[in-house]
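Please treat every number below as a calculation from the coordinates, not as lab data. This is a predicted model, so every value here is computed, not measured. Because the Cβ atoms are built from the backbone with ideal geometry, glycine has one as well, and the counts that use them run over all protein chains shown.
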Amino acid sequence: MQYLKYLILVLLLTLFSISYGQIGGLSASKLGSFSVGVVPSHKIELEPSFSHFRSKYYWDNDYNRKSIFTTTDSVRNISAMSFRFTYGLWDKLELGVSVSPDVSMSNWGVRYIVYENDKLGLAAITGMNIPLGNQTIDKKLRLADNLLSLGVGGVMSYSFSENFSTDFTAQYQFRLEESAHHDKNAMFFNLDFGYYILKHQLQLATGFGYRGVQDDDGNHNVFTITPGITIETGETFIVVLYAPFDVIGKNEVVNNGFGFALTLLFN
């Protein structure tokens, strides 16, 4: 019975961890936050990416860090891959979609530049997470990952200098269908700082992220720090390397990992 209890705990925390669905399909200039700038008009970005996370601990309802497993030789590994397609429709508008390799989940997004000058930019974003499904689903379970959700938010970008800039994104997610755990609307906040060196060919970046949601079991939230770099030695591609690690949370798994993305621009 004790092993069954831990198995149920792991499954529930896994569901809570992956039930967060931010707006997808949009381009970025750093790590976790979107930037105000859009893909150039009538051009398209293709971005394959993958990530890997390991976890052995979780935070309980009192923010205490505890072991997921009863033994020290167990670890939870999660790897994922996605593809993003983003099209610059006009000078101030882009739209796109992110999909998983098996096309079981799609994340659609739109961004419109509201205001922009040499230093400050503001943009509005919206999108919908649409599960397409690639397996047999029991509709009575009503898992969060199998339900529609709508997101709205805003983006702010500010350039302190030619080399140093920041991006901030705030998102609010509405559940269009009620889940089995009665998920309330979720919030996401991301703040990225980036500094260019080597004649704008390498950007040193750090991201700070928060996500939170409430359901029948209480509040679920986590704060994450993500160091990384962007390599911009070519005119039509960008390489992104990042390593997020969770700092503190509540009723969430403690994740540490790394990721890679290759952004390609086509006329």
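Within 14 Å, Cβ to Cβ, of residue 200, how many net charges do the neighbouring residues add up to if Lys/Arg are +1 and Asp/Glu are -1? Local charge sum for residue 200: -1. Net charge of the neighbourhood of residue 191, taken over other residues with C-beta under 11 Å away and scored Lys/Arg +1, Asp/Glu -1, is -1. Only the Cβ atoms of Lys and Arg (+1) and of Asp and Glu (-1) were treated as charged; on that basis the dipole of the chain about its Cα centre amounts to roughly 360 debye.
Residue exposure proxy: 85, 34, 189, ordered by other Cβ atoms within 10 angstrom of their Cβ from fewest to most, comes out as 85, 189, 34. Once both labels are positioned 7 Å from their Cα atoms along Cα-to-Cβ, the gap between residue 266 and residue 231 label points is 2.3 nm. With Kirkwood's inverse mean 1/r over C-alpha pairs for Rh, give me the Rg to Rh ratio of the chain, two decimals please. When Rh is taken as the Kirkwood radius, the ratio is 0.97. Taking the Cα centre of the range 152-267 as reference, the dipole from Cβ charges on Lys and Arg (+1) and Asp and Glu (-1) amounts to some 280 debye. Starting from the Cα gyration tensor of the range 31-120, take the square roots of the eigenvalues, sort them a ≥ b ≥ c, and report rounded, prolate or oblate (rounded when a/c is under 1.5, otherwise prolate if a/b is larger than b/c, else oblate). The shape class here is prolate. Between the helical axis of 2-18 and the longest alpha-carbon principal axis of the chain there is an angle of about 20 degrees. Picking from 72, 169, 206, which is most flexible by a Gaussian network model of the chain using Cα springs under 10 Å? Taking springs between Cα atoms under 10 Å, the residue moving most is 72.
Mind scanning 92/250; 66/184; 30/66; 43/184 and naming the pairs with a C-alpha gap bigger than 28 Å? Distance filter (> 28 Å) returns 92/250; 30/66; 43/184.
The distance between label points at residue 78 and residue 248 comes to 2.2 nm (points 7 Å beyond Cα on the Cα→Cβ vector). With a simple spin-label model that places each label point 7 Å from the Cα along the Cα-to-Cβ direction, the separation between residue 91 and residue 69 comes to 5.7 nm. Among 225, 78, 130, which one moves the most in a GNM of the chain with springs linking Cα atoms closer than 10 Å? It is 78.
What FRET efficiency comes out for the pair residue 241/residue 176, r = Cβ-Cβ distance, R0 = 25 Å, nearest 0.05? It comes out at approximately 0.10.
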